[in-house]
1. I'd like the full set of residues that are small (Gly, Ala, Ser), surrounded by fewer than 18 Cβ atoms within 10 Å (Cβ to Cβ) and part of a helix (DSSP H, G or I), limited to segment 123-166.
2. Return the pairs, sorted by first residue and then second, in which the second residue is in a strand (DSSP E or B) and of a type outside the set (A, V, I, L, M), the first residue lies in segment 160-171 and is without any contact (Cβ under 8 Å) to a residue 24 or more places away in the chain and assigned by TED's automatic domain parsing to the domain that holds Ser20, the beta carbons are less than 7 Å apart, and the residues are 6+ apart or on different chains.
3. Out of all the residues in segment 241-253, is one or more of a type outside the set (Ser, Thr, Tyr) and over 25 Å from Ala96 (Cβ atoms)?
4. Could you list, in sequence order, the residues of segment 317-340 that are in contact with a strand residue (DSSP E or B) (Cβ under 9 Å, 6 or more places away or on another chain) and not in a helix (DSSP H, G or I)?
5. Under the condition of being touching a His at 6+ places or on another chain (Cβ under 9 Å) and crowded, with 19+ Cβ neighbours inside 10 Å, which residue from segment 212-256 is modelled with the highest pLDDT?
6. From (1) buried (at least 17 other Cβ atoms within 10 Å of the Cβ); (2) of a type in the set (A, V, I, L, M, F, W, C); (3) at pLDDT 85 or above; (4) assigned to a helix (DSSP H, G or I), pick out the condition that doesn't hold for Val265.
7. If you scan segment 58-103, which residues turn out to be over 20 Å from the mean Cα position of the chain (by Cα), without any contact (Cβ under 8 Å) to a residue 24 or more places away in the chain and outside any loop (DSSP other than H, G, I, E, B)?
8. All but one of (1) in a strand (DSSP E or B); (2) farther than 29 Å from Arg99 by Cα hold for Thr169; which doesn't?
Amino acid sequence: MDPDKQRIILHLDMDSFYASVEVNRNPSLRGKPVIVGPDPKQGSGRGVVLTCSYEARKFGIHSAMPVSTAFSLCPQALFVPPDFPAYLRASGEVMALLRSSGFRFQQVSIDEAFLDISAAGDYPSARVWAEGMKGLIRDRLGLTCSIGIAGCKLVAKIASDFKKPAGLTVVGPEEVQKFLAPLPVRKIPGVGGKSELALHELGIGTIGDLASYDPGKLVAKFGRSAIALHEAALGIDRREVEEHRETQSLSREVTFESDTSDPRVIIPTLDALVEDVFGSLEEENLSFRTITVKVRYQGFITRTRAKTLSHGSRNKETLKTTVSTLMREMLDERKIRLLGIRLSSLEKPVAGQMQLGF
């Protein structure tokens, strides 16, 4: 990219995605407090809220809340069991629309993506394009999203959360500090509860406080990772929107809106990921040799397990069995935040080569 050309990054985040998909599938739910989660059994059920509609949030309901508590806050709420295959299908439709734009594209989760729309030319044109994409997603798919536009990925992501739902926030280069400064430091991606508490102990409550704090003292307190944290507060983020033009691997991930150890959530989610990634494998006429399962637990602790087959395979049962085996090796008492599957060592069949179903 021309170093003299301004960079314009867009972050799109679907609004209350799982609940919105359920409302779109069943319009009778529209305008009502909808909770995606297990049956509360009149207040005695187990499990947690995965997500909820904005109508439900008005009652103080939020993700990770026990469904029994949610029921007590809003007995008239409509509880819907999660259907991850449906959410993955809806996600695929959204991402296909974004890919078709021709801009550099990076999907980062089931309901989030970045686009480098620098080719739009300027920020007013970027706003017009974003409004058009919001309308396209709404009209074709019946779903709403919130968009942030800025000169880097970090600020664009923070901006997309600024006016939810159905928001559009544009932060021009000259507005970055004014936009970030009053926000709570927790708004910086990656700053969790423990980090927030440690920063509060230093008198740092807002992003502006962090930006003006002596970086040397931050490093002394938190180590060298504090350098990136201080740069984030200044709105500095050099990461590019990453697009892999040649298929070297296929992967799918789902981030739960609340951590869970419930097998009624984990197992169907894993099955849906297998179906989704295998569908892409067939579309691109590829075989795989290496299967990797990724699990992120509470506290952002991430583990992976992988297996490489002796030969390329295009067999779904082989994939499902291997994924199940790898997953069992990582299951313990900890709650899970993210599940992912990655297929690599991909190959296209040689012309005329017999395709065996193993």
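1. Selection gives Ser125, Gly132, Gly135.
2. From residues that are without any contact (Cβ under 8 Å) to a residue 24 or more places away in the chain and assigned by TED's automatic domain parsing to the domain that holds Ser20, the pairs are Phe162/Gly148; Phe162/Thr169; Lys163/Ser146; Lys163/Thr169; Gly167/Ser146; Thr169/Gly148.
3. Going residue by residue through segment 241-253, those that are of a type outside the set (Ser, Thr, Tyr) are 241-246, 248, 250, 252-253.
Checking the rest, the ones that are also over 25 Å from Ala96 (Cβ atoms) come to none.
The answer is no; no qualifying residue exists.
4. Of everything in segment 317-340, those that are in contact with a strand residue (DSSP E or B) (Cβ under 9 Å, 6 or more places away or on another chain) and not in a helix (DSSP H, G or I) turn out to be Leu331, Asp332, Arg334, Lys335, Ile336, Arg337, Leu338, Leu339, Gly340.
5. Ranking the qualifying residues of segment 212-256, first place goes to Tyr213.
6. (3)
7. Within segment 58-103, Pro66, Thr69, Leu73 qualify.
8. Status for Thr169: all satisfied but (2).
The values are calculated or read from the model by the stated rules, or taken from the named source; none is laboratory data. No experiment lies behind these values; they were computed from the predicted model shown. Glycine gets a Cβ as well: all are built from the backbone with ideal geometry, and neighbour counts include every protein chain shown.
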